[in-house]
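A short write-up of the structure that comes next.
The values are calculated or read from the model by the stated rules, or taken from the named source; none is laboratory data. Here the structure is a predicted model, which is why all the values come from computation and not from measurement. Here the Cβ positions follow ideal geometry from the backbone for every residue, glycine too, while neighbour counts run over all protein chains shown. All accessible areas refer to the heavy atoms of the entire protein, side chains included, with ligands and DNA or RNA removed. Shrake-Rupley method; radii C 1.70, N 1.55, O 1.52, S 1.80 Å.
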Amino acid sequence: MSECIFCRIVQGMAPARVIYRDEEITAFHDINPQAPVHILIIPNRHITSVACIEPGDANTLGRLFLVARQLAEQENITDGYRIVVNSGRMAGQSVYHLHMHLLGGRRLSWPPG
Ligand code: AMP
């Protein structure tokens with residue numbers, strides 16, 4: 001079994017509130033939400049972080065944004081949302097399977113912490 005919790009979610013081997021799934025991408029609610037809407041959108045294929053992306057990943061990575069837009073509409077947060085990708089220890093990445101955070105449903109301050 002995969003060591004990676006997000007790979008296990010993709011495989012249906014770990015519980016998650018999945019709200020989108022196709023052959024390349026899975027999206028599910030964050031277990032520790034930082035906003036009324038906090039969704040993680042991930043490539044099904046294990047990519048450790050932005051530091052490890054390759055040219056062949058470009059289509060899938062672009063599609064993460066299309067799924068984010070679709071979910072933002074579905075979740076009624078089109079008045080403003082934030083997409084975050086933490087990459088590496090100093091940025092606070094805690095799960096080493098590339099993921100896009102989609103946050104919305106409240107006013108989001110800037111700069112982030
Ligand atoms: P990051 O700190 O950018 O690596 O974000 C990892 C995110 O994954 C955090 O917001 C966690 O709350 C979330 N997370 C970790 N494990 C799970 C899980 N099993 N299901 C859903 N979200 C998770």
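General remarks:
- Test for residue 79: is it away from the ligand (no atom under 15 Å from the Cβ) and out of contact with any Ser or Thr (no Cβ under 9 Å at 6 or more places or on another chain): yes
- Checklist (1) more than 8 Å from the ligand (Cβ to nearest atom); (2) in a helix (DSSP H, G or I); (3) among the hydrophobic types (A, V, I, L, M, F, W, C) applied to residue 9, failing item: (1)
- Verdict on residue 53 being hydrophobic (A, V, I, L, M, F, W, C), touching a residue at least 24 places away in the same chain (Cβ under 8 Å), more than 11 Å from the ligand (Cβ to nearest atom) and open to solvent by less than 60 Å² (accessible area, probe 1.4 Å): no
- Test: residue 42 is within 12 Å of the ligand (Cβ to nearest atom), of a type outside the set (Gly, Ala, Ser) and part of a loop (DSSP other than H, G, I, E, B): no
- Residue 30 being among the acidic types (Asp, Glu) and within 12 Å of the ligand (Cβ to nearest atom): yes
- Looking only at segment 1-19, residues that are closer than 29 Å to residue 108 by Cα and touching a helix residue (DSSP H, G or I) at 6+ places or on another chain (Cβ under 6 Å) come to 1 in all.
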